[in-house]
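**Student:** Take a look at the following structure, please.
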Amino acid sequence: MARWTLWRQPSVLPANCWDELMAAGVRRSSSSVPMVRQAFTESSSIVKPFAEIPGLWKNGVANLYNFWKLDGFKNLHRIMVQNFNTFGPIYREKIGYYESVNIINPEDAAILFKAEGHYPKRLKVEAWTSYRDYRNRKYGVLLKDGEEWRSNRVILNKEVISPKMLANFVPLLDEVGQDFVARVHKKIQRNGQNKWTTDLSQELFKYALESVSSVLYGERLGLMMDYIDPESQHFIDCITLMFKTTSPMLYIPPALLRRLGAKVWRDHVEAWDGIFNQADRCIQNIYRKLRQESGQAAKYPGVLASLLMLDKLSIEDIKASVTELMAGGVDTTSITLLWTLYELAKHPNLQEELRAEVASARAQCQGDMVEMLKQIPLVKGALKETLRLHPVAVSLQRYTAEDITIQNYHIPAGTLVQLGLYAMGRDPKVFCRPEQYQPSRWLRTETHYFRSLSFGFGPRQCIGRRIAETEMQIFLIHMLENFKVEKQRHADVRSTFELILLPDKPILLTLKPLHCSP
């Protein structure tokens with residue numbers, strides 16, 4: 001069994017961290033957050049062969065059985081931390097048919113990502129590709145590889161991730177943010193206690209879905225209303241079911257489940273059918289609006305309409321990529337916002353600092369939201385800090401495009417290498433006092449070299465990054481301007497893995513209007 005030991009030596013800690021700790025007095029942390037111990041290895045110029053990488057990789061079937069006994073499908077991130085503790089900063093693993101090399105150091109991540117080649121290739125979600133093969137649907141840019149991926153990505157970058165598009169996204173996202181605040185105020189008024197205590201997960205899910213739908217499809221779903229029409233509710237149910245059914249197929253081949261007629265496969269197909277049907281309806285609505293407007297100037301119509309008018313991709317390519325953007329942009333942002341509110345509720349003084357920064361930005365920019373987003377570094381740091389402690393993904397993956405050397409081990413081209421995001425975020429060698437939530441760490445001049453990788457790196461980074469970051473920043477601005485967030489007194493919440501990292505139990509938060517005394 002791995003020993004959950006923190007090496008208390010100066011050489012393990014980042015620059016300037018040891019002096020800070022000594023000045024403050026080193027205390028044993030009571031946090032349940034696991035620490036990562038890096039194993040010390042003697043430096044050597046001799047490159048060791050791939051077969052000598054430590055780990056559990058010689059019997060995939062036995063490892064799958066042990067993984068199942070450890071409830072690994074839910075504890076993948078903690079097992080990864082344990083493996084880094086056991087084997088050191090690099091280890092090799094095979095679970096069932098899934099084989100990888102896992103790394104944790106930012107410097108090693110730099111070697112990996114800087115050698116990713118012209119056509120970076122990451123691990124595909126096989127459940128998603130299997131559905132598209134089964135229904136004979138196009139792959140979107142998330143699932144494509146090679147030259148087709150690159151040509152599609154270049155077009156989509158200009159419409160989705162370019163900083164120039166920010167001004168188009170902000171009004172749409174700002175409107176949804178204001179509606180969310182109005183909805184919370186109504187909940188508080190109806191409660192009659194000048195506060196609202198609830199698990200916000202479903203509310204944030206609807207907020208994220210409403211936001212991404214507004215930007216991508218150019219239309220609102222009405223999810224900020226008390227009544228949700230059956231069509232929109234069905235869309236919500238399909239997205240929820242799609243994520244729920246994807247997770248079991250990470251280690252069990254979807255083709256096998258399909259041959260067996262397993263319910264999880266049938267449900268997965270039904271979920272994606274509903275999601276693609278929504279895209280079809282939106283495309284029909286867009287064409288109807290374009291005919292009615294007859295070329296007249298109008299507000300930004302959304303990414304889908306913009307791509308259709310650009311006419312550089314086929315309709316099927318556009319639909320596939322926009323559908324993937326939508327599917328990947330709901331749970332990811334809503335869960336990150338939930339974790340952020342949870343952390344802010346634990347740190348009321350930090351909440352006040354953020355609130356002051358937002359008030360200053362609004363006064364300075366006279367309410368211009370695009371300009372305000374340039375004046376809130378601590379708010380942005382809070383989101384980075386949330387994604388450090390509570391990353392959406394357990395790891396980032398790349399298939400090596402060429403032979404590389406990491407930790408003096410030879411890794412041949414074509415190997416799946418994973419950077420442990422969750423584990424790196426808790427590594428005291430990388431982050432000083434990693435158990436503490438400190439957004440200000442991202443404002444310091446110390447290096448952040450390959451330490452903030454929640455949205456990936458390089459040409460294959462998350463294509464929805466610009467939308468997600470803007471959506472979350474605008475949300476925090478509105479929430480900080482309107483409410484105090486308080487936490488219920490109970491044990492800390494931990495993460496559980498279900499394709500993405502989720503809270504292992506409901507997070508109950510209390511929202512109070514700012515004019516209400518605590």
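**Student:** Return the long-range amide H neighbours of residue 494 (sequence gap of 5 or more, or a different chain), with a cut-off of under 5 Å between placed amide H atoms.
**Tutor:** Sorted by chain and number, the residues that satisfy this are 504, 505.
**Student:** Counting each DSSP H run of 4 or more residues in the chain as -39500 (n - 2.57), what helix-only mean residue ellipticity at 222 nm follows after dividing by all residues, to the nearest 500 deg cm²/dmol? Let's see the in-between values first.
**Tutor:** Numbers: 19 runs with 258 residues, N = 518.
Dividing the helical sum by the residues of the chain leaves -16000 deg cm²/dmol.
**Student:** Rank these for me by crowding, 432, 282, going from fewest to most other beta carbons within 10 Å.
**Tutor:** Least crowded to most crowded, the residues run 432, 282.
**Student:** Extension gain residue 447-residue 229, at 0.36 nm per residue separation less the Cα-Cα distance, in nm?
**Tutor:** Additional length available on full extension: 73.5 nm.
**Student:** State the label only: which of (i) 197; (ii) 165; (iii) 293 corresponds to volume of the Cα convex hull per residue in Å³ computed from the shown model?
**Tutor:** The listed entry that was calculated here is (ii).
**Student:** Over the chain, what relative contact order in percent results from Cα pairs under 8 Å that are six or more residues apart?
**Tutor:** Details: 752 pairs, mean separation 135.2, N = 518.
Answer for the chain is 26 percent.
**Student:** Roughly how many nanometres apart are two label points built 7 Å out from the Cα toward the Cβ at residue 287 and residue 50?
**Tutor:** 4.8
**Student:** Mind ranking 102-113, 191-202, 449-460 by how tightly packed they are, going by the mean number of other C-beta atoms within 10 angstrom, highest first? Write down the numbers at each step before the final one.
**Tutor:** On the way: 102-113: 20.7, 191-202: 14.4, 449-460: 17.8.
Descending mean neighbour count gives 102-113, 449-460, 191-202.
**Student:** Another question, if that's okay. What is the order of 370, 269, fewest Cβ neighbours within 10 Å to most? Provide the component values of the computation, followed by the final result.
**Tutor:** Details: 370 14, 269 18.
Listed from fewest to most nearby Cβ atoms, that is 370, 269.
**Student:** Could you work out how far apart the two model spin labels at residue 150 and residue 300 are, taking each label as a point 7 Å from the Cα in the direction of the beta carbon, and quote it in nm?
**Tutor:** Roughly 2.9 nm, to one decimal.
**Student:** If you count the DSSP beta bridges with both ends in the chain, what percent of them are antiparallel, to the nearest 5? If you can, show how the numbers build up before the last one.
**Tutor:** Working: 28 of 34 bridges.
Antiparallel bridges make up about 80 percent of those DSSP assigns within the chain.
**Student:** For the stretch 419-494, what is the charge dipole size about the Cα centre, in debye to the nearest 20, if Lys and Arg each add +1 at the Cβ and Asp and Glu each add -1 at the Cβ?
**Tutor:** Working: 13 positive and 8 negative charges, 43 e Å.
Rounded to the nearest 20 debye, it is 200 debye.
**Student:** Hydropathy at least -0.5 by Kyte-Doolittle, axial extent at least 27 angstrom from the Cα trace: which helices of the chain, defined as entire DSSP H runs, fit? Numbers along the way, then the final one.
**Tutor:** Working: long enough: 166-191 (37 Å, -0.18); 263-293 (45 Å, -1.06).
Long hydrophobic helices here: 166-191.
**Student:** Test of understanding: ordering 153, 489 by Cβ neighbours within 10 Å, fewest first, what list do you get? Each step should come with its number before you reach the end.
**Tutor:** Details: 153 20, 489 5.
Fewest-to-most Cβ neighbours within 10 Å comes out as 489, 153.
**Student:** Can I ask one more? Full extension from residue 363 to residue 311: what is 0.36 nm times the residue separation minus their Cα-Cα distance, to one decimal in nm?
**Tutor:** Values: separation 52, 0.36 × 52 = 18.72 nm, distance 4.16 nm.
Between residue 363 and residue 311, full extension yields an extra 14.6 nm.
**Student:** Same structure again: Treating only the Cβ of Lys, Arg, Asp and Glu as charged (+1, +1, -1, -1), what charge dipole size does the chain show about its Cα centre? Round to the nearest 20 debye.
**Tutor:** Result for the chain is approximately 700 debye, rounded to the nearest 20.
A short reminder: the numbers here are calculations on the coordinates, not readings from a lab. Just so we're clear, the structure is a prediction, and the values are computed from it rather than from any experiment. FYI the Cβ positions are ideal-geometry reconstructions off the backbone, even for glycines, and counts take in every protein chain you see.
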